[in-house]
Amino acid sequence: MLQGMSLAKKCLLVFGGATVLIVLLALVVPWMRMTYLIDEGQLEVSRQMVDTWQRVGEEQGRASLVGPPLAGESMRVVPRMMVEDIREVRVGVEAREISREQIVRESDGFLGRASAALELDTSLPDFQEASWDGSQREYRYAKGIWRVSEGSRRLVGLVELQRRSVSATRLLVLNTTFVFVAFAWIFLLAMVVFWFVTRRLVLQPVRELNMTAQRVREGNLNIRSEIRTGDEFEQLGETLNSMLNDLQASQDRLRGINSALDVKLHELSESNVALYQAAKVKGEFLASVSHELRTPLNSINGFAELLLEVAKVDGEKPDAPASVQKRIRYLENILTAGRGLLALINSLLEMARIEAGKVDLRIERVALREACEGLLGLISPQANRKGIALKLEAGDDVPIIKTDPRKFQQIIFNFLSNAVKFIQPLEKTGREPIITLRVERLPASSVDASERVRVSVIDNGPGIPAEQQDKIFEKFVQLDSGYTKEQQSGTGLGLAICKDLAVVLQGEIQLVSDVGQGSMFSLIVPVAMTTDAGEAAEASEERREAAISEMRERAGSR
């Protein structure tokens, strides 16, 4: 109920209710005491009236205890048969014995209560009850008549007085009126004093603190609390002022740091622009130089092949000199080095094109089984020289996919080349080296997801440690442990290029390997490649240019 109410209303409601309760409790006790005193005074009046009535009756020598009633009152005498048989006797009649049947027929609760009270405490001389009869105060008084015999007292009758007292009624009304007027004045005075004290000592400092907090929330840190009450509110205001001083000092320090950071950011933006331009120039230079180097290298390799064929023909002659074999060996070394250099240049050129976003996509239909058989045919000469068995696993449900066949074959052939390159021969491991090319269909992971295929190259080679499995996809990184160190003859760009090409083909590469158990390199691509990938590859250069423009604008704005 108090939710959403202001502090002033809450204080008025809570403390006002407490004030009403306290004042009522403080005035009810005096009111009850005054009422008791008035009724006690009327009890004494009733005693005097009954005593006067009895004395007059004795002076007149009446045999009966009943005499004429006084002005405005009536009296009666009730004989005692049994305590529990005392009942009402009609007012104004003389004393007489009343039969048990008549007493039962004309019962009166007051006489029963009076006789029970007097018999319970024999020291009580009389008994009185007060009640309201409309607007008049009515009193019923009973005095016991006792008979003493053989040292014991026995209640034999009651003298009853029933009367209305105007003076008692007037006193009670005045008493009640005084109590209510006093309550009203005390409550009004308490509320005025409470409101003044609360407003002066509590609400005003709270409002000032609230106003200060609102100004701080709006961003004004120059405002300060001006509470001078000499109590906890003043201490709270001083604490708030100290917090504001610290906050303002912190903001000043932050502004200085931000200014320095803006300068550094401007310098970094200019450095990034320069670095990007340098990287772009480097990439263009690398692509241009690589392209220019391919022509003379192709010529060198071509002439080396021709010279090698001529040398081999000369070496087959019976009278061939011994220098021919040396010449053949030199030419084979030249041709091997030239082909390795050409492969390196091709890898650098491919990497430069991918980084520059100049990847050409030609999406065509590719029959996976035929494509994999062709790749195994290309790698079989190298595998046969090392005694490696090749195996193809492709189910009947292998679909025809739509992708770029050249890049797809480049990735899988790189996996096969690495497997042939790093797998250990039978003499060293005691087990037959096997490379398996597996093609399998993957179900869609959700309703909206596209169907995919996975092409995996599985070998039983040395395996790759878990801590190095992420590093092998970085540029210019090669493993440097054990048997693999002896086989390093590349640049470390093959898997990095495969990873970038997989992204271009809307796919991903997975690696599962364990030391001594072999490795499984998998390419997962969608069955139907969308044209968005091709458009994204063509627009990559535009995004790079837009990023550079944005950095320049930020640097210029600062």
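Some notes on this structure:
- Label-to-label distance, nm, for residues given as residue 59 and residue 343 (7 Å Cα→Cβ offset): 15.4
- In this structure, residue 429 and residue 467 have a Cβ-Cβ separation that, at R0 = 22 Å, corresponds to a calculated FRET efficiency of about 0.45.
- Taking 0.36 nm per residue of separation and subtracting the Cα-Cα distance, full extension of the segment from residue 47 to residue 148 would add 34.2 nm.
- Ranking of 306, 342 by neighbouring Cβ atoms within 10 Å, starting from the fewest: 306, 342.
- Inter-probe distance in nm under a simple model that places probes 7 Å from Cα toward Cβ, at residue 199 and residue 380: 10.6
- Net length available on complete extension from residue 442 to residue 410 is 9.3 nm, with 0.36 nm assigned per residue and the Cα-Cα distance removed.
- Taking amide H positions as modeled 1.01 Å from N, with prolines and chain starts lacking one, the residues under 5 Å from residue 453 and 5 or more places away or on another chain are 442, 525, 527.
- The alpha-carbon of residue 317 sits under 28 angstrom from the alpha-carbons of these lysines, leaving out residues fewer than 8 places away in its chain: 326.
- Amide H partners (placed H, <5 Å) of residue 157, local residues excluded: 80, 145
- Remark: spin-label model distance residue 239-residue 12 equals 3.0 nm, labels positioned 7 Å along the Cα→Cβ axis.
- At R0 = 60 Å, FRET efficiency that the Cβ-Cβ distance of residue 392 and residue 255 yields, to 0.05: 0.30
- Which listed pairs, of 421/475; 475/499; 428/471; 264/475, have C-alpha distances above 21 Å, in listed order: 428/471; 264/475
- Theoretical gain in end-to-end length, residue 267 to residue 528 [0.36 nm per residue, Cα-Cα removed]: 89.3 nm
- Sequence-distant residues sharing a close amide H with residue 392 (under 5 Å, placed H): 437
- Calculated FRET efficiency for the pair residue 182/residue 40, C-beta based, R₀ 30 Å, to 0.05: 0.85
Quick note: the coordinates plus some simple rules give every number you see, no bench work behind them. Since the structure is predicted, the reported quantities are computational estimates derived from the model, not experimental observations. So basically every Cβ, Gly included, is an ideal-geometry build from the backbone, and we count neighbours across all protein chains shown.
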